[in-house]
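Worksheet: the structure to be examined is printed underneath.
Derivation of every value follows stated rules applied to the coordinates shown; laboratory data play no part. This one's a predicted model, so the numbers in the text were calculated from it and none came from an experiment.
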Amino acid sequence: MKKQLPKFPHSYWQDTTLPEFPKLNDSIKVDVAIAGGGITGITAAYLLAKQNMKVALIDSDKILNGTTGHTTAKISAQHGLIYDEFINHFGLEKTKLYYNAQLEAKQFIEETIQELNIKCGFQKEDAYIYTNSNEYVAKLEKEMKAYEKLQIESDLTDEMPLDLPMKSVLRMKNQAQFHPLQYLKRLVEEAIANGAAFYENTVALDVEHNKDPAIISNDGHRIYSKYVISATHFPFYDMTNSSYFARMYPERAYVVAGQTEKEFPGGIYLSAEDPVRSIRATPKQGKSLWLIGGENHRTGEGESTIKHYEALQSFAKKHFDIDDIQFRWSAQDLTTLDKIPYIGKITKAQDTVFVATGYRKWGMTNGTIAAKMLTDMIFQKKTPYEEVFTPARFNADPSVKQFLKTGADTAKQMVKGKLELPKRKIEDLDHDDATITRINGQRTGVYKDENGTIYAVDTTCRHMGCEVSWNSGDRTWDCPCHGSRYSYDGEVIEGPAKKPLKIRDLNM
């Protein structure tokens with residue numbers, strides 16, 4: 001009999017004890033204000049404070065409670081089958097720069113771990129993309145040719161250490177993995193030792209421009225600064241006609257983690273075809289904790305999200321005899337129209353406000369290089385990657401097609417949500433269950449918790465008016481248009497929305 005999944009989602013990484021920080025309760029003045037306590041913001045705070053810059057970092061929740069705390073933590077330049085595509089779209093030179101940026105990020109992480117003697121389970125591993133599909137055998141061959149052009153240390157074979165059905169495998173040698181929160185916890189400590197200040201439960205709402213920029217918090221306090229870095233996953237500041245919400249699309253992915261009597265053979269793995277399967281392991285109490293990820297889908301769309309966890313659980317049991325799933329979690333990632341992150345000045349005209357976003361599930365290296373790049377820009381040092389990652393770009397191929405598709409999907413979701421009929425009545429809800437219904441003619445999301453308490457919210461997203469849907473796997477209300485996410489009682493978990501869902505009164 002298959003064992004039950006853990007009742008509540010919880011990332012293994014978040015068992016790490018992290019320092020706690022106060023809420024910002026006054027206006028302050030610093031050299032650099034950073035919004036976002038993930039790998040980009042924390043690495044930037046560490047680098048800037050190390051160079052005697054006065055830094056303040058704020059996070060809307062607890063630091064490292066967002067995407068960075070829900071990663072699979074691969075330190076790899078093998079980001080799926082992208083290099084052949086990039087060479088065709090952007091040319092060999094820019095593709096080489098993208099690859100070099102990933103190598104520089106990996107090298108920085110490794111050197112920082114050695115310099116600070118961080119105990120974070122860092123291991124060098126080969127990375128593998130495997131396929132059991134005849135169609136993808138040819139795609140791996142094309143990707144191998146791209147690797148050869150880029151002089152990537154690699155090979156294409158029909159063998160890999162992990163026992164899975166496969167016809168071909170592309171190996172990128174000398175990649176790595178680690179425990180991300182143990183690593184970043186130390187960077188936080190070092191940043192604080194060098195004078196950086198951290199604030200939690202402080203939402204960045206806007207940037208105010210006078211002589212210098214200032215972040216405005218949700219309580220009306222200002223962080224006056226010379227420079228602002230938006231590292232909030234989705235940019236909190238988008239009043240520059242940059243239209244980030246239309247230039248990126250959100251996707252969710254899932255992870256289950258468990259142990260088995262089988263020895264993990266080493267390596268980090270990714271399937272080429274759908275459904276995507278990501279596989280790696282991390283040490284836990286003298287054994288290997290296997291991390292099985294995948295089941296990607298656009299936020300707010302598709303089947304009941306708990307079914308994605310169940311699919312990963314079945315895969316883990318079938319192939320690796322993992323019966324006891326100890327953890328399950330999910331993450332949301334943003335993909336830009338051309339698949340390369342936006343890192344740099346938010347516009348060409350605004351050279352004191354910087355943004356880093358759109359990592360496409362590869363935040364360990366992209367988030368690290370973003371911090372390095374933005375630090376260099378603040379010190380007016382030249383970075384070879386500025387043109388590749390600039391947020392001001394709009395590459396016509398393949399961006400136009402993807403831009404039109406993203407816009408059409410958004411319009412479809414807006415119309416669909418408005419017309420959607422109620423699913424079930426409130427009185428039919430089980431405990432820990434939710435439905436969308438109409439109350440006094442108004443579309444309402446209703447959740448009944450384990451104690452029978454009812455929470456009712458207006459399902460209209462506070463960003464641009466799309467209708468949210470229930471995410472049963474994580475107990476959240478998710479917007480399919482631009483990826484805003486809310487807790488079951490309507491509080492913002494993830495932007496671009498900045499205001500909570502309106503509360504519905506069931507007694508009206």
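Of K318/K498; K106/K348; K7/K345, which ones are farther than 32 Å apart at the Cα? If you can, show how the numbers build up before the last one.
Numbers: K318/K498 42 Å; K106/K348 29 Å; K7/K345 42 Å.
Checking Cα-Cα distances, K318/K498; K7/K345 exceed 32 Å.
Using the structure shown, select from K96/K167; K23/K382; K29/K62; K74/K317 the pairs with a Cα to Cα distance greater than 31 angstrom. Walk me through the numbers on the way to the answer.
Values: K96/K167 28 Å; K23/K382 35 Å; K29/K62 22 Å; K74/K317 23 Å.
Violating the 31 Å limit, Cα to Cα: K23/K382.
Which aspartates and glutamates does K499 reach when only Cα atoms under 18 Å apart count, and residues fewer than 8 places away in its own chain are ignored?
Output for K499: D59, D61, E200, D206, D219, D238, D458, E467, D478, D489, E491.
Need the list of aspartates and glutamates near K211 for cross-linking: C-alpha distance under 17 angstrom, and skip anything on the same chain fewer than eight residues off.
D31, D351
Given the pairs K3/K142; K142/K372; K50/K119; K185/K361, which span a C-alpha to C-alpha distance of over 30 angstrom in this model? It would help to have the intermediate numbers written out before the result.
On the way: K3/K142 41 Å; K142/K372 32 Å; K50/K119 21 Å; K185/K361 21 Å.
Going by Cα-Cα distance, K3/K142; K142/K372 fall outside the 30 Å limit.
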